[in-house]
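Engineer: Input: one structure, supplied below.
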């Protein structure tokens, strides 16, 4: 059943295509907290859904497929989260594929994930650098 059950993807077209197309939410009670989780699409064609979900969110879980890696939508999401001033948590998904499909050793899998994390950090640095360059007040010193 692992990898087959798509609880948050309730629409028939989402089930058929195996992707999230519309954002959907679920509430999790973790005493004393109520956590509202919004599952939004990762595909670039549905970026409007992601934007809407981010507006409603305090924190973004950036889910990256360990094999697919960073794509244009990942970079756009990082940019949007940083510009919104939101916190972001990196989640690397489908780690089992490194062993099962790619037959990587533990060391190779570790190196692969380290490079992925370095790529995310690089993307964050580029976004932050761009924001600093765009800021008109940067470098203005009151005397």
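The values are calculated or read from the model by the stated rules, or taken from the named source; none is laboratory data. Just so it is clear, the structure is predicted and the values come from calculations on it, not from any experiment. When we count neighbours, we look across all protein chains shown, and the Cβ atoms used for this are built from the backbone with ideal geometry, even at glycine.
Engineer: Identify all residues within the range 44-60 that are assigned to a helix (DSSP H, G or I) and either modelled with pLDDT of 70 or more or surrounded by 12 or more Cβ atoms within 10 Å (Cβ to Cβ) (or both); write none if there are none. Don't jump to the end; show me each part of the working.
Structural biologist: Within the range 44-60, the subset assigned to a helix (DSSP H, G or I) is 44-55.
Within the range 44-60, 44, 46, 47, 48, 49, 50, 51, 52, 53, 54, 55 meet the criteria.
Engineer: Check whether at least one residue in the range 108-123 is modelled with pLDDT under 95, in contact with a helix residue (DSSP H, G or I) (Cβ under 6 Å, 6 or more places away or on another chain) and surrounded by 11 or more Cβ atoms within 10 Å (Cβ to Cβ), and report yes or no.
Structural biologist: yes
Engineer: Does residue 41 satisfy being modelled with pLDDT of 60 or more and touching a helix residue (DSSP H, G or I) at 6+ places or on another chain (Cβ under 6 Å)?
Structural biologist: Working: modelled with pLDDT of 60 or more: yes; touching a helix residue (DSSP H, G or I) at 6+ places or on another chain (Cβ under 6 Å): yes.
So residue 41 fits the description; yes.
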